[in-house]
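J.: After the structure tokens below, expect a handful of questions from me.
The values are calculated or read from the model by the stated rules, or taken from the named source; none is laboratory data. Keep in mind that what you see is a predicted model, and the values were worked out from it rather than measured. The area values use the complete protein model at the heavy-atom level, side chains included, leaving out ligands, DNA and RNA. Shrake-Rupley method; radii C 1.70, N 1.55, O 1.52, S 1.80 Å.
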Amino acid sequence: MLRVRDAAAELTLPALPVSVGRARRFVTGQLADLGIDDRSGDPQLVTSELVTNAVVHAQTDITVRVALVEGKARVEVVDGSPAMPEARVPDEASPAGRGLYLVDQICPEWGVEPTESGKIVWFVVRTAD
């Protein structure tokens, strides 16, 4: 379901692996609509990591939002789990645990905010000046 609320576009998805690709395409389209042509692929990669985490760990519906805030695009991934994620240095022997570490390396501005019903994990994509 796609909605526009308070100058933000949002898409609600089920906690299924197929939602990762849908979220990535949604963010790419919304950034293009805002005039952001980021050829690095970083926003898509970070979106994939955050939505994958929500699918695997929260196992609730996921809402992806894109809004222009103070000249920057803010991408939010909202889920219904109160468990707060932490970026950690990954264990080389483990195939998992690298997502937020990667986000932390790519995004100078990102964070996690608790909500009444779960949390928002967000990152900022700078617009071209």
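J.: Over the heavy atoms of residue 109, what accessible area does a 1.4 Å probe trace out, to the nearest 10 Å²?
T.: Estimated to the nearest 10 Å², residue 109 gives 50 Å².
J.: Compute, for residue 25, the solvent-accessible surface of its heavy atoms (probe 1.4 Å) with the complete set of protein chains present, and express it in square angstrom to the nearest 10.
T.: 150
J.: Residue 122: accessible area at probe 1.4 Å, nearest 10 Å²?
T.: Residue 122 exposes around 40 Å² with every protein chain in place.
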